[in-house]
Amino acid sequence: MARVELRDLVTEDDDEAVMGLRRGPGQERYLGRMISHFEDAISDARACPRMWSCHDADTSQLVGFVMISDGIPAETLAADDDVVGPYFLWRLLIDHRFQGRGYGAAAVDAVVDYLRSRPNADVLLTSCTAGEGSPQPFYLHYGFELTGEHKWGEDLLRLELAGRPATGSTGGRA
């Protein structure tokens with residue numbers, strides 16, 4: 001079973017390493033280029049972005065990237081209809097070479113483990129559209145549920161965090 005360690009992006013070398021990650025065939029419809037994730041984090045700073053590289057916990061091999069909204073303040077959520085949270089899985093990319101090996105689920109496990117230490121982290125939200133190559137089946141299989149709401153032309157999904165067992169993945173270290 002795959003396990004990942006989340007590592008903060010601290011140096012330019014860290015940023016450059018994740019820039020080398022590539023989407024799988026057909027995923028460009030659902031996931032932008034790596035540079036766009038950094039641009040979004042800068043332009044949407046009010047959404048409290050937190051980015052990590054995902055490394056295989058046993059080999060330290062870089063396998064992916066994850067970005068969340070990390071504790072958006074209630075006053076921001078009330079005043080800005082374009083942000084969702086307080087905790088939102090904003091981006092999840094597992095490099096095409098490592099897809100289908102359990103790293104996506106392990107990355108979400110590590111995020112969930114990280115959120116256990118965060119205030120008011122009862123739910124993790126995400127969004128995506130359905131279709132060929134969509135990550136929606138992955139999220140539904142993991143345990144996310146469709147909310148019936150839509151944001152940015154995408155389905156909103158939620159994962160209840162209460163009662164989820166600890167996974168042993170290592171989340172959010174610098």
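Readers should treat all values here as calculations from the given coordinates under stated rules, not as data from a laboratory. On a predicted model such as this, the values are computed, not experimentally measured, just so you know. As a convention, Cβ positions derive from the backbone with ideal geometry for all residues, glycine included, and neighbour counts pool all protein chains shown.
Can you give the charge dipole size of the chain about its Cα centre, rounded to the nearest 20 debye, using +1 on the beta carbon of Lys and Arg and -1 on the beta carbon of Asp and Glu?
480 debye
Gain in length, Val10 to Lys151, computed as 0.36 nm per residue apart minus the alpha-carbon separation, to one decimal in nm?
Gain on stretching Val10 to Lys151: 47.7 nm.
Under a plain spin-label model, where a point goes 7 Å from the Cα along Cα-to-Cβ, how far apart in nm are Ser117 and Glu39?
Once both label points are built, they end up 3.3 nm from each other.
If each DSSP helix of 4+ residues adds -39,500 (n - 2.57) and the sum is divided by the residues in the chain, what number results at 222 nm, nearest 500 deg cm²/dmol?
-7000 deg cm²/dmol
Against the empirical 2.2 N^0.38 Å scaling, what ratio does the C-alpha Rg of segment 33-78 come to?
So segment 33-78 has a normalised radius of gyration of 1.42.
If N is the number of residues in the chain, what value comes out of its Cα radius of gyration divided by 2.2 N^0.38 Å?
0.96
Set Lys and Arg Cβ to +1 and Asp and Glu Cβ to -1, take the dipole of the chain about its Cα centre, and tell me which of Pro135, Met1, Met51 lies farthest positive.
Met1
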